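Just so it is clear, none of the values below were taken in a lab; they were calculated from the coordinates. Just so you know, these numbers come straight off a predicted model, no measurement behind them. Here the Cβ is made from the backbone with ideal geometry for all residues, glycine too, and neighbour counts use every protein chain on show.
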């Protein structure tokens with residue numbers, strides 16, 4: 001049971017990343033590969049800041065700012081240099097590997113004291129007995145709920161509606177006098193700031209930052225989004241709140257599948273392959289349904 005509670009807590013720690021990918025892929029229609037690099041960058045910033053004595057509530061905004069800047073770098077290459085968005089993300093992700101090494105100074109940084117993290121609350125949790133997977137899960141549930149409320153309300157504002165319209169019809173948006181490039185800057189920045197939040201949370205949850213921790217995270221996030229999309233359509237959750245909630249359920253389900261596979265004795269070295277196969281299944285599922293309906 002503890003193993004699965006930890007899996008759910010880790011799923012909620014990566015939920016912001018999945019929502020970021022949902023925004024870039026489903027809302028803005030921009031395939032963004034920056035995620036792998038910005039996730040590691042934010043974890044590196046968090047680990048360095050906490051090791052330097054910064055409190056967790058200062059380290060987390062710094063991590064989100066790092067993710068925001070990574071997203072803006074991709075947006076800059078795409079909008080100003082007219083580079084394909086996919087290639088722009090790949091270029092930034094590749095460059096971030098070296099930047100992440102420069103930030104960390106080495107390939108791995110263990111956090112010195114758990115009490116300095118969000119889950120330690122400056123030693124308060126240990127003093128009051130708030131420790132273990134149950135407290136970590138409760139903390140992640142509260143953070144996820146707060147983020148859900150903020151995100152769905154933001155996307156219903158006039159500015160949020162303009163962001164959502166960017167992926168639907170750039171021509172219509174431009175005819176209304178709205179800068180499409182500015183919307184792309186905002187969208188990619190927000191998506192990677194959310195990724196930065198996830199990187200910071202996972203770093204504090206796992207008590208370390210590693211140069212390779214971001215490899216494959218875009219696939220993990222995309223898998224959550226695809227599973228969430230299937231859940232939303234099945235339950236007819238067509239509103240933005242329903243879609244965000246679907247991604248949340250998809251994220252938890254995706255992690256539980258991975259946890260169940262590991263608990264069943266699967267080789268941990270095959271987990272990335274399994275991630276890819278799960279995503280492939282959910283990407284191909286709509287095609288199979290359409291072929292079955294046409295037949």
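Odds and ends about this structure:
- Efficiency of FRET from Cβ geometry, residue 26 and residue 150, R₀ 25 Å, rounded to 0.05: 0.85
- Counting neighbouring Cβ atoms within 10 Å and putting the fewest first, the residues 153, 80 line up as 80, 153.
- Residue 233-residue 212 FRET efficiency (beta carbon distance; Förster radius 41 Å; 0.05 resolution): 0.75
- Burial ranking of peptide ranges 227-234, 266-273 (average Cβ count within 10 Å, highest at the top): 227-234, 266-273
- Taking the C-alpha atoms of region 64-210, convex hull volume expressed per residue in Å³: 125 Å³
- Region 19-118: equivalent-ellipsoid semi-axes (sqrt of 5 x gyration tensor eigenvalues, Cα, Å): 28, 14, 10
- Size estimate for the chain follows the Kirkwood approach: the inverse of mean 1/r over distinct Cα pairs works out to 19.6 Å.
- Computed [θ] at 222 nm, deg cm²/dmol, the chain (DSSP H ≥ 4; -39,500 (n - 2.57); rounded to nearest 500): -25000 deg cm²/dmol
- Difference of contour (0.36 nm per residue) and Cα-Cα distance, residue 134 to residue 159: 5.2 nm
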